[in-house]
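A short worksheet on the structure shown next.
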Amino acid sequence: MNNELTHGAILWSALSLIALLGGTGLALFGFGRFDFLGWKHDRHHHPQLLTKRLSPGQLAILKYFTIAALLFLAQTVIGGAVAHYRAEPDGFYGIPINKILPSNIVRTWHLQLAIFWIATCFVAGGLWLASAVNKKEPKGQAFGIHFLFTALVIVVVGSLLGEWAGINQLLGRFWFWLGHQGWEFLDLGRAWQILLAIGLVVWLILVARTVLPIRKDPQTGHISSLFLYSAVAIPIFYLPAMFFGSRTNLSVVEMWRFWIIHLWVEGFFELFVTTMVALMFFLLGMVSKKTALRVVYLDAILYLSGGIIGTGHHWYWTGQSHIAMSFSAVFSALEVVPLTLLTLDAWDFISLSQRDCVVCEKKVPIPHIWTFYFLMAVGFWNFVGAGVFGFLINLPVVSYFEVGTLLTPNHGHAAMMGVFGMLGVALMVFAFREASTDKEWKRIEKVY
């Protein structure tokens, strides 16, 4: 049988477009009809810094963001090397560095470093907000944060060196455990994966022991509980990364690999980040508790309802039936709907940051204005990178023709850096601003 485009692929591509238009129309109607769908300015006083004096745990967290910035720099430089190898595959301007750093290890490091620096920002951001919501830091929290930092450094350095040694065939039969598995996004060896999962559990314990004591607080208890529940999903839904071995069938591996790429990263991390932003805005006094909770619940419904079933757009051509394609294509198209709403979020962020302070009767500078700027960028790139460029490759009829082309890395780069990268930088700037005095921050702004 020839490898030809099926009638079902064409049919469900067309129906996916109809579902997208209908879903977007309903979403925009909801925004126009109901005032409570989105961020609204519920207070009259502009927010100031949350922290008057940093706790020992928050001081310990700052080094996470410093290391994340360095990893970001390294990832960018290595990305330049990846691009250079396309023009000169056998070296660097005549220098045969490919014998030490072959193109496949450079490409692996470029992707792994992106995951590491962004995940480090999210881990640190979660710990920071947990400390902000509970002013009374648990005993020994700083020690736990130092311990987790050490463990993460071991995983990052160990996995990067292991990948290099594995590609150069220096690990023998231990290549799968300590070296390079060969699966994009899950390149690191199985032993490093296990240590990473343990590190995420330790992180969850540190967050939980800070948040649990205030769950019954009438003001912060509900949203703090949602913050904790979304954090629980991070270590749990990383476990499918270990549901296959070195000899598992390709279709089974792809099933769990895309579970991590699509659901763990694009689903549960998105939900956790939305909860972090809602908690941040609530603590700053930008939105009421009711508004923050509504946004979290709405995003949870929209992200997960479309995202879980929509994961199947990665499996169109793995022997699935047309029923699987139909559900996957339609729900994958509906994933664009919540991303469309994020463009409205971006406008709300602009409105929130430009309001005059009613209490002060004048325009008061907002300390976290740069955090708002990066959150605006998240809204834009979520729609363009994840929404437009993602939808571009998700229709069955497009997927049939585009596999192996540059349309996939186009979506990957715009969504990864534009969404998660900008979110990571927003959390980084938020923490650095909290740790700086007005005088110090003005000096930094003059430099940049």
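Bear in mind these aren't lab numbers, they're just calculated from the coordinates by the rules spelled out. Everything numeric in this text was worked out from a predicted model, so none of it was measured. All Cβ positions, glycine included, derive from the backbone under ideal geometry; neighbour counts span all protein chains shown.
Summary table below
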quantity	calculated
Rh (Kirkwood; distinct C-alpha pairs) - the chain, Å	23.3 Å
Phe380-Ile194 pseudo-label distance in nm [points 7 Å out on the Cα-to-Cβ vector]	4.6 nm
Using a Förster distance of 35 Å, the FRET efficiency for Thr248-Ala14 (Cβ separation, nearest 0.05)	0.50
Val425, Val106 arranged by Cβ crowding within 10 Å, fewest neighbours leading	Val106, Val425
Mean residue ellipticity (222 nm) of the chain, computed from DSSP H runs ≥ 4 via -39,500 (n - 2.57), nearest 500	-22000 deg cm²/dmol
Zone residues, the stretch 363-393, relative to Glu402, backbone N less than 18 Å from point 7 Å out along Cα-to-Cβ	381-393
For Ser399, Ser246, Ser225, order by how many other beta-carbon atoms lie within 10 Å, fewest first	Ser246, Ser225, Ser399
The stretch 173-269 - charge dipole about Cα centre, Lys and Arg +1 at Cβ, Asp and Glu -1, debye rounded to 20	320 debye
Net charge of Cβ neighbours under 10 Å - reference Asn98; Lys, Arg +1; Asp, Glu -1	-1
Amide H contacts under 5 Å for Phe92, placed H, 5+ residues apart	Ile97, Asn98
Estimated FRET transfer efficiency when R0 is 22 angstrom, pair Leu26-Tyr373 (beta carbons, to 0.05)	0.10
Likely footprinting exposure, Val403, Val384, fewest C-beta neighbours within 10 Å first	Val403, Val384
Helix runs (DSSP H) in the chain reaching 27 Å along axis by Cα, Kyte-Doolittle at least 0.5	7-33, 56-87, 103-133, 141-167, 190-211, 289-310, 336-354
